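Engineer: Before I ask anything, let me first share the structure, which is written out below as structure tokens.
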Amino acid sequence: MLAYSDVNPLPIAGVVFAWAIPSSGKGYELPLFEISEALENPDLSIWLHLNLSNSQIQRWLKSTPLIPERVVEMIQEGVNLSRLERIEKLDDCLLMVMNDFQQEFGEAVNDSSLGTLWAIITPRLMISLRNNPLRTTDKLRYDLRNGQINPVSAIELFHELLDLRAEQLRTLLTHLAGDMDDLEENLLKGKEFPEHENLGRIRIQCSRLRRQFSPELIALHRLLKRLPYWFSNEDKDSLNDDLDLLTYLVQEISSLYDRAKVLQDEQAAHVAEFNAKNLQVLSVMTVIFLPMTLISGIMGMNMEDLPGLKGSFYEVMVLMSIAGSAVFAALKLKRII
């Protein structure tokens, strides 16, 4: 009888990382050529981090008995459609579609470009899939290799993943809050007006983050109401902690968004006041020079060479007075002045 590894081997080319957790609890990085054999070992809990953009991985997902068919269909829908934020409990398989921050070479720390991370959890297996490198999974791999964390089960590894993702989000919010503090300080001191582009960038980032992470709160609440039977009380407490932390971070996102909005309004008020002062100065200067302009204009008129106007200085002055009175009456009638 053929073994599972012979019938449906996992394509090595699409595997980014593999981690094995034996019953003793001391995890180790799993060599790629031993993955298929390790999947058959009931004494091992395994994390597989796969590249979903690899066509061999997509074919393997369709044929593997490790993942329910409905989960594979949802993943395929998510690849072709827009980002989803939902959690589904299917038999012994838990699927979570979560947002994560893209990992690009040379990117800024406060870059908020988001990608999709698919996490499939069973009692002894966690499979994560992504199309592009993501910060959280890269940080999780680094911590596992350096012994900074030592999860004893796939569920605990999943909680570590959520904690690291929350840490990445909190770091981003800390940088955004620091930028907001600097902009507010400059505005209060009156040194210079904050650049509109900076405020707009922060507000758009906060709006995008709130739109992406808020649905995960609903999904986690749904999960807590109908947990899989293989979730222990400790796992439930950890999930409650994850939910509380995400709730706090979403509130921080909303707070930063409101701060950016208030600062934009305050900036608009300062700009309006600045423009009003400039207009007041121009108005005063106009009033000061108005008599001089009027006298020089009148005294500078030369009608001797104009046909029909020779010696009609007073008639022209009367016409000018009538025209000025008509304009004044029209402005008064329209309540402009």
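Engineer: Given the options Q168, Q280, Q212, which has the most mean-square fluctuation in a GNM of the chain, springs set between C-alpha atoms less than 10 angstrom apart?
Structural biologist: Maximum among the listed residues: Q280.
Engineer: Just I298, I46, I218 to compare: in a GNM of the chain, with alpha carbon springs under 10 Å, which one fluctuates most?
Structural biologist: Maximum among the listed residues: I298.
Engineer: Near M126, within a Cβ-to-Cβ distance under 12 Å, what is the net charge of the other residues, with Lys and Arg +1 and Asp and Glu -1? Before the final figure, lay out each step's value.
Structural biologist: Working: positive: R124; negative: E156, E160.
Residues near M126 contribute -1 overall.
Engineer: Along segment 237-252, what does the Karplus equation 6.51 cos²θ - 1.76 cosθ + 1.60 (θ = phi - 60°) give for ³J(HN,Hα), rounded to whole Hz, x for Gly and Pro?
Structural biologist: Per-residue couplings from phi come out as 5, 5, 5, 4, 4, 4, 5, 4, 5, 5, 4, 4, 5, 5, 5, 5 Hz.
Engineer: Using a 10 angstrom Cβ neighbour count of at most 10 plus a DSSP loop assignment to flag exposed trypsin sites (Lys or Arg not before Pro), which longest range of the chain is free of such sites? Working shown, then result.
Structural biologist: Details: sites that count: K191, R226, K310, K334, R335.
Result, exposed sites excluded: 1-190.
Engineer: Also, I was wondering about something else. From zero up to wherever the largest Cα-Cα distance of segment 231-285 sits, split into 10 Å bins and tell me the percent of pairs in each.
Structural biologist: Answer for segment 231-285: a P(r) of 21, 21, 16, 15, 12, 8, 5, 2 percent.
Engineer: Using a Gaussian network model on the chain with a 10 Å cutoff between Cα atoms, which of G25, G324, G14 fluctuates the most?
Structural biologist: Highest fluctuation among the options: G324.
Engineer: So what is the orientation-averaged projected area of the chain, using the convex hull of its C-alpha atoms, in nm²? Display every interim value, and only then the final one.
Structural biologist: Values: hull surface 120.7 nm².
For the chain, averaging the hull's shadow over all directions gives 30.2 nm².
Engineer: Sequence-distant or interchain residues sharing an amide H contact under 5 Å with L125, placed H: which?
Structural biologist: Under 5 Å from the amide H of L125 lie the amide H atoms of I46, each far enough along the sequence or on another chain.
Engineer: Enter the Cα centre distance for the pair segment 110-186 and segment 13-51, rounded to the nearest angstrom.
Structural biologist: Using only Cα atoms to place each centre, the spacing works out to 20 Å.
Engineer: Report, in degrees rounded to the nearest 10, the 0 to 90 angle that the Cα long axis of helix 69-80 makes with the longest principal axis of the chain.
Structural biologist: Long axis of 69-80 versus the principal axis of the chain: about 30 degrees.
Engineer: Along its three principal axes, how long is segment 231-337 when you only count alpha carbons? Whole Å, largest extent first please.
Structural biologist: 109, 27, 22
Engineer: With just the Cα atoms of segment 178-275, tell me how far they stretch along each of the three principal axes, in Å, largest first.
Structural biologist: Computed over segment 178-275, the largest-to-smallest principal extents equal 66, 20, 15 Å.
Engineer: Considering amide H positions built from the backbone, and no H for Pro or chain starts, which residues 5 or more places from N150, or on another chain, come under 5 Å of its amide H?
Structural biologist: For N150, no residues qualify.
Engineer: Let me ask something else about it. Pairing the Cα long axis of helix 154-189 with the longest principal axis of the chain, what angle in degrees results, from 0 to 90 and rounded to the nearest 10?
Structural biologist: 20
Engineer: H270 to S23: extension gain in nm, 0.36 nm per residue of separation minus the Cα-Cα distance? Could the numbers behind the result be given before it?
Structural biologist: Details: separation 247, 0.36 × 247 = 88.92 nm, distance 6.48 nm.
This chain segment gains 82.4 nm when fully extended.
No value in this document is a laboratory result; all are computed from the given coordinates. Please read these numbers as outputs of a predicted model, since none were measured by experiment. Cβ: placed from backbone, ideal geometry, glycine included. Neighbour counts: every protein chain shown.
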